[in-house]
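K.L.:
Could you have a look at this structure, given as structure tokens, before my questions?
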Number of protein chains: 2
Amino acid sequence: MPRKTYHHGNLKNALIQAGIAILAEEGLGGLSLRKAARRAGVSHAAPYAHFADKQNLIAAIASDGHKKILERFETIRVKYPDNPLRQLAAGAWAYVKFGLQAPDHYRITFSGVIQDEHSHAEFIEYSQRNMQVLREIIAQCRSAGVLDADGVDSELQAVSIWGLLHGLTLLMIQKQLPSQLIKTCPPKDIVLSALQQMARISINKRMLD
Amino acid sequence: MPRKTYHHGNLKNALIQAGIAILAEEGLGGLSLRKAARRAGVSHAAPYAHFADKQNLIAAIASDGHKKILERFETIRVKYPDNPLRQLAAGAWAYVKFGLQAPDHYRITFSGVIQDEHSHAEFIEYSQRNMQVLREIIAQCRSAGVLDADGVDSELQAVSIWGLLHGLTLLMIQKQLPSQLIKTCPPKDIVLSALQQMARISINKRMLD
DNA sequence: ACCTGAACACCGTTCAAGT
DNA sequence: ACCTGAACACCGTTCAAGT
């Protein structure tokens with residue numbers, strides 16, 4: 001079914017969605033500008049009207065990943081407005097779940113392909129907002145007395161928790177955890193245990209949802 | 001300078017070394033079978049005598065990464081034979097340092113491109129040995145009373161510590177930590193703080209070396 | 001067993017040209 | 001402004017043929 005008009009209408013967004021679909025169906029290796037163009041029903045050169053190069057399409061897909069994570073955080077903050085500890089627990093699990101549900105979208109989001117921050121303003125914007133949300137949740141947990149400050153700088157605490165979740169998510173996605181553990185211990189239990197070890201917080205499995 | 005003999009002699013290893021060099025000089029995106037072949041001074045089809053496909057060259061490079069990490073662990077275990085806590089601290093920092101020194105080699109080592117474990121026996125072998133070393137160090141720390149067991153399964157403790165180091169390493173490699181933190185806090189301090197939060201161990205900066 | 005050269009399908013990118 | 005088609009350099013992979 002060919003397009004009715006010469007102009008696509010919203011090719012830029014169509015290419016981003018096509019890219020995300022390719023990631024889901026074929027993984028990182030299957031992503032190409034030409035394939036995204038084919039899916040959007042345009043010629044292989046058309047994407048260059050909207051993206052300077054492949055890198056820029058990837059940056060747009062990565063921005064979308066950050067945006068989706070941000071949306072999940074915001075939903076949780078609205079859901080538990082007076083319970084920062086629960087925001088931390090549920091936010092952490094939502095973050096990991098996004099990685100498990102869309103492994104290659106998650107991977108590309110944090111693939112570090114973004115070189116000059118200048119040409120990827122949107123990506124920088126969203127990633128900083130995600131970091132800011134984590135900072136705020138941790139600050140609220142600390143002032144509510146449900147998270148040990150314990151002489152540790154709160155920025156280092158935030159970065160450590162993020163690093164932990166990021167590392168576990170990737171190890172799970174890429175099936176690099178010991179197979180014996182995977183068989184007996186669902187992802188949720190791994191995240192729960194890791195969070196408890198890291199942050200010394202009293203949370204249970206229910207609080208992750 | 002062309003080869004003297006028709007046969008290369010050790011082409012397989014030469015291709016692996018060429019690949020590692022390409023990763024260091026041009027990064028992940030620059031790695032191709034043809035380029036590795038060019039560097040080794042053979043035709044672009046020659047690698048197929050030693051690797052079924054590109055994936056298998058990558059698996060060999062990833063195995064080499066695991067091997068190098070394993071060697072560093074073993075050096076440390078020999079250096080501090082009666083001090084498991086120091087083995088943990090110095091081993092952790094050695095792990096992160098490898099990632100910082102050879103970012104793209106580290107990334108490819110844990111890129112999860114290994115699909116069927118059958119065709120990559122060497123990779124599986126080395127990665128399991130690394131996990132086993134971590135398990136042993138943690139077991140020794142726990143029985144020496146320098147690491148809180150605290151009701152947490154030691155396998156989950158090992159995986160959490162690994163996840164933390166892996167996540168932080170990747171975030172640092174890919175420059176995704178807040179730039180303000182990077183400016184004021186060297187990688188070593190980040191790792192030290194993260195380890196202290198995670199494992200509740202009393203270590204100082206000197207013990208990382 | 002180990003390597004070469006030609007061949008094919010695919011990709012990123014550019015550019016003159018069309019609407 | 002937005003898109004097409006031809007063109008070029010590059011890549012992964014295969015295969016018949018050479019040593």
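K.L.:
When the helix-only estimate is applied to chain A (DSSP H runs of n ≥ 4, each -39,500 (n - 2.57), divided by the residue count), what is the mean residue ellipticity at 222 nm, nearest 500 deg cm²/dmol?
P.N.:
That comes out to -21500 deg cm²/dmol.
K.L.:
While we're here: At 7 angstrom along the Cα-to-beta-carbon line, where would the label on A:Leu100 sit relative to the other copies? Give the distances in nm, shortest first.
P.N.:
Shortest to longest, the spacings are 3.3 nm.
K.L.:
Let me ask something else. May I ask for the distance between the Cα centers of segment A:135-149 and segment B:148-209, given as a whole number of Å?
P.N.:
About 20 Å separates the Cα centre of segment A:135-149 from the one of segment B:148-209.
K.L.:
Only helices at least 20 Å long along their own axis, judged from Cα atoms, and with Kyte-Doolittle mean hydropathy of 1.0 or greater: name those in chain A from DSSP H.
P.N.:
TM-like helix candidates: A:154-173.
K.L.:
Now, a different point. Would you be so kind as to identify which of B:Met172, B:Leu192, A:Gly151 lies farthest towards the positive end of the dipole of the protein assembly as shown, taking Lys and Arg as +1 and Asp and Glu as -1 on Cβ and the Cα centre as origin?
P.N.:
B:Met172
K.L.:
Please name whichever of A:Gln87, A:Gln132, A:His105 sits farthest to the positive end of the charge dipole of segment A:86-174, dipole taken about the Cα centre and charges placed at Cβ: Lys and Arg +1, Asp and Glu -1.
P.N.:
A:Gln87
K.L.:
Let's see if you can work this out: charge +1 on each Lys and Arg Cβ, -1 on each Asp and Glu Cβ, no other charges. What is the dipole magnitude of segment A:1-51 about its Cα centre, in debye to the nearest 20?
P.N.:
It works out to roughly 220 debye.
K.L.:
Principal axis extents for segment B:1-81, Cα atoms only, whole Å, descending order, please.
P.N.:
Taking the Cα atoms of segment B:1-81, the three principal extents are 48, 30, 24 Å.
K.L.:
Let me ask something else about it. Can you give the accessible area of B:Ser193, probe radius 1.4 Å, in Å² rounded to 10?
P.N.:
Taking all protein chains as shown, B:Ser193 has close to 10 Å².
K.L.:
In nm to one decimal, list the spacings between the B:Arg200 label point and its equivalents in the other copies, with label points set 7 Å along Cα to Cβ, shortest first.
P.N.:
Its label point is 0.6 nm from the equivalent points in the other copies.
K.L.:
A further question on this structure: How much accessible surface does B:Leu134 have with a 1.4 Å probe, in Å² rounded to 10?
P.N.:
That residue has around 30 Å² of solvent-accessible surface.
K.L.:
List, in the order given, every pair from B:Lys67/B:Lys175; A:Lys68/B:Lys54; A:Lys175/B:Lys175; A:Lys12/A:Lys97; A:Lys79/A:Lys188 whose Cα-Cα distance in the structure shown is over 30 Å.
P.N.:
The pairs that break the limit, which is 30 Å between Cα atoms, are A:Lys68/B:Lys54.
K.L.:
Using a Förster distance of 45 Å, how high is the FRET efficiency between B:Lys79 and B:Arg39, based on the Cβ-Cβ distance and rounded to 0.05?
P.N.:
It comes to 0.80.
K.L.:
Over segment A:54-208, what is the relative contact order in whole percent, taking alpha-carbon pairs under 8 Å and six or more residues apart?
P.N.:
Answer for segment A:54-208 is 32 percent.
K.L.:
Still on this structure, I have one more. Sort shortest first the distances from B:Gln17 to its counterpart in every other copy, using label points 7 Å along the Cα-to-beta-carbon line, and give them in nm.
P.N.:
With the label placed 7 Å along Cα→Cβ, B:Gln17 yields 5.2 nm.
K.L.:
Sticking with this one: Suppose we take every Cα in segment A:81-147 and form the convex hull; what volume per residue is that in Å³?
P.N.:
98
K.L.:
Now for a different question. Mind listing P(r) for chain A? All alpha-carbon pairs, 10 Å bins, whole percents.
P.N.:
Here the calculated profile for chain A is 8, 30, 30, 20, 9, 2, 0.
K.L.:
Which values of log₁₀ I(q)/I(0), to two decimal places, follow from the Debye formula for the protein assembly as shown at q = 0.08 Å⁻¹ with a uniform point scatterer at every Cα?
P.N.:
-0.48
K.L.:
Rounded, prolate or oblate for segment B:25-145? Axes are the square roots of the Cα gyration tensor eigenvalues, ordered a ≥ b ≥ c, and the cut-off for rounded is a/c under 1.5.
P.N.:
The shape class here is prolate.
K.L.:
Since chains B and A are linked by a rotation, which residue in B has the beta carbon closest to its axis, and how far is it in Å?
P.N.:
So the closest residue, with its distance, comes out as B:Gly167, 1.
K.L.:
Quick one: dipole size for segment B:54-208, taken about the Cα centre, charges +1 on Lys/Arg Cβ and -1 on Asp/Glu Cβ, in debye to the nearest 20.
P.N.:
740
K.L.:
At a probe size of 1.4 Å, how large is the accessible area of A:Tyr126, to the nearest 10 Å²?
P.N.:
40
K.L.:
Given Cα pairs under 8 Å that are at least 6 residues apart, what percent is the relative contact order of segment B:1-51?
P.N.:
Relative CO of segment B:1-51 lands at 37 percent.
The values are calculated or read from the model by the stated rules, or taken from the named source; none is laboratory data. The structure displayed is predicted, hence computed values, not measured ones. Every residue, glycine as well, gets a Cβ built from its backbone with ideal geometry; the counts of neighbours run over all protein chains shown. For the accessible areas, the whole protein counts, side chains as well, though only heavy atoms, and no ligand, DNA or RNA atoms are used. Shrake-Rupley method; radii C 1.70, N 1.55, O 1.52, S 1.80 Å.
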